[in-house]
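Reviewing the structure listed below.
The values are calculated or read from the model by the stated rules, or taken from the named source; none is laboratory data. All values reported here derive from a predicted model rather than from experimental measurement. With ideal geometry, Cβ positions are generated from the backbone for all residues, glycine too; neighbour counts draw on all protein chains shown. The protein model used for the area step is the full one, side chains on, heavy atoms only, and it has no ligands, DNA or RNA in it. Shrake-Rupley method; radii C 1.70, N 1.55, O 1.52, S 1.80 Å.
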Amino acid sequence: MIASHTSPAVAEAQSFLAEHWSTDVDRRAWRELVVDERWAALRWPSEWYGRDLDDEEAEAVEATFAAAGAPGPGQDKYNLWAGTLLAHGGDELKARMLRPLLLDEVAMCLLYSEPGAGSDLAAIRTTAVRDGDEWVVNGQKVWTSGAQGADYGMLIARTDWDQPKHRGITFFWFPMRQDGVEVRPLRQATGDARFNEVFLTDARVPDSHRLGELGKGWWVLQTALTYERAVMGVTQRRSEGSGGATAEAHGRIPVPDTSLVRLARETGRAGDPVIRQDLARLHAMRTVNEWNGQRAKAVAEAGGSSPLASLGKLAMSGILHFAGHLQGEILGMEGTLDGDAHPRARDANYSQLNAYFTSIGGGTDQIQRNIIGERILGLPREPEVDRGTPFKDVARS
């Protein structure tokens, strides 16, 4: 339920908008004003660019901005980088980094997956060894979006090999622009090179850049993954925040329902009962997933750690695969072509291949099914033969 328009927060928002907002305002200056006046992250503490609002008040303020057509609020829900830092970072690092993150002035990347530790992130073997006030990092990361231009990466590294694999991992805010960091692009089936492999050789990160307690990085990671999965579950493309190449940058994003309806009309397939049924099915899938996203958001904003984000992410993966397949079905034999001379077929092929991006990124579909089975449906956990075993004693594949 939206709070009354007479609430102090809404009244202040209305006054702020009346004084400062217009459709021709400089967007950069507007974003700075919104952040500095603490409208960007309404539920955050006031000392960290927030307003200490509860969810009802925050929704009312967000509705007030939306009614005026003014962008601004919402970063407390969807800014992966700032949200993770706020939850687990030290005050010094937060004081230095939160504002630039809210202003999108910092290019970021995720340094999680490794060869042999993709679906099982707890099996990472990148090491961080203490050297005074710094940590020396060695290892390899893979499938890292936006690494070429990143200023920092959110890094998980093993700091204690005597602990079982989920413990002994520490989470760092890692500076990317230094000797010892080598980034190599990975070419995808779509022709894009959005992902990279990153080699870390005696690279360094200050201990002041550690997020959370030593050896408890796995639990910091869960915060970051919840943000990422929530965003991937309610949007049609991944929110990287790193300035890397995206499908949107190429003008080829996963196709929404309206575009497919238009395509069906252009090709004379709009009257085909099978195509019409599939279009309706796609619309229903998207609508149900939006409802699930609202449910997951409500749980998360109440202070819970919601596995419902995994349900939304898995659903979006299925939606994108279905939409890509339907796009090809509408085109018929034309869909077997490709290249710039056949733009409709090119886009259909791109959509079908690019759907795997969501199936893999942010945790594979198989991981989401495990989470849903264990944490939502209450099914037994999969057996883990190495659970409780010191990681140094775990057999390597």
Legend entry - Shape category assigned to the range 88-174 from the gyration tensor of Cα positions, a/c cut at 1.5: oblate
Legend entry - Residues in the range 337-374 reached by a label modelled at SER119 [backbone nitrogen below 15 Å; 7 Å Cα→Cβ]: 359-373
Inset, instruction - Describe numerically, in nm with one decimal, the distance between label points set 7 Å from Cα along Cα→Cβ at ARG375 and at GLU334. - result: 4.4 nm
Inset, instruction - Helix by helix through the chain, keep the DSSP H runs that span 27 Å or more along the axis on Cα and average at least -0.5 on Kyte-Doolittle, and give those back in order. - result: 308-331
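If I take R0 = 41 Å and measure r between the Cβ atoms of THR201 and ASP272 in this structure, what FRET efficiency does the formula 1/(1 + (r/R0)^6) give, to the nearest 0.05? Kindly include the intermediate steps, with their values, before the conclusion.
Details: r = 57 Å, r/R0 = 1.40.
Between THR201 and ASP272 the formula returns 0.10.
Under a point-charge model restricted to the Cβ atoms of Lys and Arg (+1) and Asp and Glu (-1), what is the dipole moment magnitude of the range 173-216 relative to its Cα centre, in debye to the nearest 20?
140 debye
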Inset, instruction - Show the residues, 5+ positions off or on another chain, whose built amide H is closer than 5 Å to the amide H of ARG210. - result: TRP173
Legend entry - Backbone N under 14 Å from the ARG344 label point (7 Å along Cα→Cβ), restricted to the range 262-282: 262-272
Inset, instruction - With a cut-off of 17 Å, note down the residues of the range 190-217 whose backbone N falls inside the zone around a label point 7 Å from the Cα of GLU182 toward its beta carbon. - result: 196-204
Inset, instruction - Between THR364, THR84, THR287, find the one with the highest GNM mean-square fluctuation for the chain; connect C-alpha pairs within less than 10 Å. - result: THR287
Inset, instruction - Count neighbours as other Cβ atoms within 10 Å of each site's Cβ, and list the trypsin sites (Lys or Arg not before Pro) in the range 70-149 that are DSSP loop with at most 12 such neighbours. - result: none
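Determine the shape class of the range 275-373: with a ≥ b ≥ c the square roots of the Cα gyration tensor eigenvalues, call it rounded for a/c under 1.5, and otherwise prolate if a/b is greater than b/c, oblate otherwise.
Values: a/c = 3.11, a/b = 2.08, b/c = 1.50.
Taking the square roots of the gyration eigenvalues as a ≥ b ≥ c, the range 275-373 is prolate.
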Inset, instruction - Answer with one residue from LEU17, ILE360, THR267: the one whose Cα lies farthest towards the positive end of the charge dipole of the chain, charges on Cβ with Lys, Arg +1 and Asp, Glu -1. - result: THR267
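Roughly how big is the chain's charge dipole about its Cα centre, with Cβ charges of +1 (Lys, Arg) and -1 (Asp, Glu), in debye to the nearest 20? Walk me through the intermediate numbers first.
Values: 44 positive and 55 negative charges, 229 e Å.
Roughly 1100 debye, rounded to the nearest 20.
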Inset, instruction - Treat each spin label as a single point 7 Å out from the Cα along the C-beta direction, and report the TRP161 to ASP36 distance in nm. - result: 5.1 nm
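Dipole size in debye (nearest 20) for the range 57-147 around its Cα centre, Lys and Arg Cβ +1, Asp and Glu Cβ -1? Display every interim value, and only then the final one.
Working: 7 positive and 13 negative charges, 51 e Å.
Charge dipole of the range 57-147: 240 debye, to the nearest 20.
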Inset, instruction - Give the calculated FRET efficiency between ARG130 and GLU384 to the nearest 0.05, with a Förster radius of 25 Å applied to their Cβ-Cβ distance. - result: 0.30
Inset, instruction - Calculate for the chain the 222 nm mean residue ellipticity that helices alone would give, adding -39,500 (n - 2.57) per DSSP H run of length 4 or more and normalising by residue count, nearest 500 deg cm²/dmol. - result: -13500 deg cm²/dmol
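Which percent of the accessible heavy-atom area of the range 154-227 goes to carbon and sulfur, probe 1.4 angstrom? Present the calculation step by step, with values, prior to reporting the outcome.
Values: 1420 of 3040 Å².
Taking all protein chains in place, the range 154-227 shows 47 percent carbon and sulfur surface.
Roughly how compact is the range 137-195, stated as its Cα Rg over 2.2 N^0.38 Å to two decimals? Each step should come with its number before you reach the end.
Working: Rg = 13.8 Å, N = 59, 2.2 N^0.38 = 10.4 Å.
After normalising by residue count via 2.2 N^0.38 Å, the value is 1.33.
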Legend entry - GLU56 paired with GLU92, simple spin-label distance in nm, labels 7 Å along Cα-to-beta-carbon: 4.2 nm
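Probe of 1.4 angstrom, ligands and nucleic acids ignored: what's the accessible area per residue over the chain, in square angstrom?
On the way: 19080 Å² over 397 residues.
I get 48 Å² per residue for this part.
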Legend entry - Anisotropy class of the range 3-88 from Cα gyration tensor, a/c 1.5 cut: oblate
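Sorting check: for 107-117, 210-220, which peptide has the highest mean count of neighbouring beta carbons within 10 Å, and how do the rest follow? Walk me through the numbers on the way to the answer.
Values: 107-117: 22.2, 210-220: 19.1.
Order by mean packing, descending: 107-117, 210-220.
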Inset, instruction - Pop the C-beta distance of ALA11 and SER208 into the FRET formula with R0 = 45 Å and round what comes out to the nearest 0.05. - result: 0.65
